Amino acid sequence: MKVLQINTVCGSGSVGRITVDIVHALEAAGDEGMVAFGRKQAPGDVKTYKFGTNLDMGIHVLHTFFKGEHGFASSKQTGRLIEKIKEYNPDIIHLHNIHGFYLDVEELFRYLKGSGKPVVWTLHDCWSFTGHCAHFDYIGCMKWKTGCGDCPQYKSVYPYALFKDNSAGNYKRKKRSFTGVPDLTVVTPSRWLAGYVRESYLGEYPVQVIPNGIALDKFRPVDKGLKKKLGFEEKYILLGVASMWEERKGCAYFEQLADRLDDSYQIILIGLSKRKMKTLHPKIHGVMRTNSMEELAEYYSMADAYVNTTLEDTFPTTNLEALACGTPVITFATGGSVESVDASCGKIVPKGDTEALIKAIEELRGEPDKKEDCLRRAAGYDKNDRFQDYLKLYRSLLEKQKLPEA
């Protein structure tokens, strides 16, 4: 079995790492995989094909900024990709993020509709069925159900169409392109996203939920004296982690907590920019971004509670990482963030409710140790098991293709 995956990047970022891990899972099973990608560089331990260029990306960015049309440029490099697909001749084509200034989606889907190959499309956000945005939960916009247009955030969120709202036209073009593929299966990491997909024009396809997984050999309870090193031995530690602490990640709620909670608490935020570090609340301990899983595991393990104040998210792996280190999670009831948390390993509070958040923190502090329950919960998200789910899906699609027509 040969599987070709297509994604913006390979080996970097959460989705880029997933593509590499799937190739490794295929190879361990005696199968073959390759990743085709458009931007940055790839690790040397997997077969890859880079078809994008920095110049083309720049042109695509300008196309998006000035025309408000994202995903409808990069025709030449999409043609190169299609030629590579024909040469490689995979049994399965697996799409991940097809946005990111590197693909002409109309050209790609024209090819897919006539390729005769099963297609798996893992959606890591909502871009595939909206006229512009990758996320709409923050502002509660449901215009994608009726065709978009008059977009309330075309200038303010990725993929940033700074000069023109073309969301209605984009919606029509995407719907025309993305529907009608003879053998396509949609995968989502959360039940929350799966529900929206079924309400969208992608609802014509079968939808399967395969949650994101994490490396349980990396994220596990560790104690190397970090709490003592930081001087927080007598504190109740509240931890927050984000790759970028923008407004939608809820940094403001940690500032409110710092104002409201007494000095027996200590808030630590990881993933801060240099600029944010300079303006950080004086009662919050800030840490800049780290790509070290080992270092993150130390912080998760040291924390008494992991607090996720995100206001929109598909299925945050930070919740899983905290649980795998034995740390309970308190999360806003946002998107798929609640799906990894139950009463045994944490608390769910209404989105944006600071009073409820404080109450949940205080209640959790008074409850029995939840470490073992957290570890049991995390065991269900072993990334190796989740990648086996993908291999099972691939094989089921190939078996289905072999069945004689009724």
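Table for the structure above
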quantity: Positions within segment 1-56 being assigned to a strand (DSSP E or B) and either small (G, A, S) or on the phi > 0 side of the Ramachandran plot (or both), in sequence order; calculated: G33, A36
quantity: Selection within segment 57-69 - among the β-branched types (V, I, T) and either within 23 Å of the chain's Cα centre (by Cα) or not in a helix (DSSP H, G or I) (or both); calculated: V61, T64
quantity: From the options L261, L239, residue that is in the same structural domain as D369 (by TED's automatic domain parsing) and either over 22 Å from the mean Cα position of the chain (by Cα) or among the hydroxyl-bearing types (S, T, Y) (or both); calculated: L261
quantity: Scan of segment 85-144 for residues that are in contact (Cβ under 8 Å) with a residue 40 or more places away in the chain, in contact with a Lys or Arg (Cβ under 9 Å, 6 or more places away or on another chain) and polar (S, T, N, Q), ordered by number; calculated: N89, S128, T130
quantity: Test: residue in segment 43-62 that is polar (S, T, N, Q), in contact (Cβ under 8 Å) with a residue 24 or more places away in the chain, assigned by TED's automatic domain parsing to the domain that holds P206 and under 23 Å from R173 (Cα atoms); calculated: no
quantity: Of the criteria (1) surrounded by fewer than 21 Cβ atoms within 10 Å (Cβ to Cβ); (2) among the hydroxyl-bearing types (S, T, Y); (3) under 24 Å from the mean Cα position of the chain (by Cα), which one T19 fails; calculated: (1)
quantity: Matching strands (runs of 3 or more DSSP E) fully within segment 235-313 where at least 2 residues are crowded, with 21+ Cβ neighbours inside 10 Å; calculated: 236-241, 265-272, 305-308
quantity: Hits in segment 85-99 (condition: surrounded by fewer than 17 Cβ atoms within 10 Å (Cβ to Cβ) and assigned to a helix (DSSP H, G or I)); calculated: K86, E87, Y88
quantity: Residue within segment 345-363 that is more than 24 Å from V207 (Cβ to Cβ), modelled with pLDDT under 95, in a loop (DSSP other than H, G, I, E, B) and not polar (S, T, N, Q) present; calculated: no
quantity: Criterion: among the hydroxyl-bearing types (S, T, Y) and in a loop (DSSP other than H, G, I, E, B) - qualifying residue of Y102, Y111; calculated: Y102
quantity: Complete set of residues in segment 343-371 that are in contact (Cβ under 8 Å) with a residue 40 or more places away in the chain and surrounded by fewer than 18 Cβ atoms within 10 Å (Cβ to Cβ); calculated: G352, T354, I358, R365, K371
quantity: Selection from segment 364-379 of residues that are touching a Pro at 6+ places or on another chain (Cβ under 8 Å) and either closer than 18 Å to G213 by Cβ or assigned to a loop (DSSP other than H, G, I, E, B) (or both); calculated: K370, C374, L375
quantity: A161 being farther than 25 Å from V119 by Cβ, among the hydrophobic types (A, V, I, L, M, F, W, C), surrounded by 15 or more Cβ atoms within 10 Å (Cβ to Cβ) and touching a residue at least 60 places away in the same chain (Cβ under 8 Å); calculated: yes
quantity: Index of the failed condition, A258 passing every other in (1) in contact with an Asp or Glu (Cβ under 9 Å, 6 or more places away or on another chain); (2) over 29 Å from R17 (Cα atoms); (3) among the aliphatic types (A, V, I, L, M); calculated: (1)
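The values are calculated or read from the model by the stated rules, or taken from the named source; none is laboratory data. Source: prediction; values computed, not measured. Glycine gets a Cβ as well: all are built from the backbone with ideal geometry, and neighbour counts include every protein chain shown.
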